[in-house]
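What follows is one structure encoded as structure tokens, with my remarks underneath.
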Amino acid sequence: MNIIIINGPNLNLLGKREPEIYGKLSFKEYYQELTEIYSDHTLTYFQSNSEGELVSKIQEVGFTADGIVLNAAAYTHTSVAIADAIAAVTAPVIEVHISNVHVREAFRHHSYVSAVAQGIIIGLGLSGYKLAIDFLLESSQT
Ligand code: DQA
């Protein structure tokens, strides 16, 4: 299976950024673990701080990938353009958030992504990315 993880703004700072919320592990370290676990599959990773680059990446991979694991970070709460890109492509998108956005500030409670995602994993830390991949792999077998 060909699965891509797409991370939005500030997620390049995982490990350094508010570790009490997002943990101490960098995404590079976590992604290394994922590539070892899923060595039988093609896993790729893309991160951008720019909304347009995220839209372009979803367009680029969204007709060929078997699944997209997307943490659009702050753009989750603001971006109609990212939601439209997800609706336009054929790959299933699983929305992931590391923190439980529903116990945080009210502006984090709404997601433009949720209405166009196949499913949502929120508040389970970095494990959410692995759970999303497991779901995509399992659902491709049914
Ligand atoms: C986040 C939650 C967002 O509200 C925030 O802007 C992020 C990270 C999460 O993974 O918990 O950057 O998507």
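So here's what we get for this one:
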quantity: Count - residues of the range 13-71 that are open to solvent by 50 Å² or more (accessible area, probe 1.4 Å), in a loop (DSSP other than H, G, I, E, B) and in contact (Cβ under 8 Å) with a residue 24 or more places away in the chain; calculated: 6
quantity: Residue that is nearest to the ligand (Cβ to nearest atom) [pool: residues in the range 98-142 that are basic (Lys, Arg) and outside any loop (DSSP other than H, G, I, E, B)]; calculated: Arg108
quantity: Residues of the range 72-88 that turn out to be within 16 Å of the ligand (Cβ to nearest atom), touching a Leu at 6+ places or on another chain (Cβ under 9 Å) and open to solvent by 30 Å² or more (accessible area, probe 1.4 Å), as a count; calculated: 1
quantity: Ala91 being touching a Gly at 6+ places or on another chain (Cβ under 7 Å), within 10 Å of the ligand (Cβ to nearest atom) and at pLDDT 95 or above; calculated: no
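Okay, residues lined up against (1) more than 13 Å from the ligand (Cβ to nearest atom); (2) under 15 Å from the mean Cα position of the chain (by Cα):
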site	(1), (2)
Glu29	yes, no
Ile37	yes, no
Asn49	no, yes
Glu60	yes, no
Asp66	yes, yes
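The values are calculated or read from the model by the stated rules, or taken from the named source; none is laboratory data. Note that this is a predicted model, so its numbers are computed, not measured. Because the Cβ atoms are built from the backbone with ideal geometry, glycine has one as well, and the counts that use them run over all protein chains shown. Heavy atoms of the whole protein, side chains included, go into the accessibility calculation; ligands, DNA and RNA do not. Shrake-Rupley method; radii C 1.70, N 1.55, O 1.52, S 1.80 Å.
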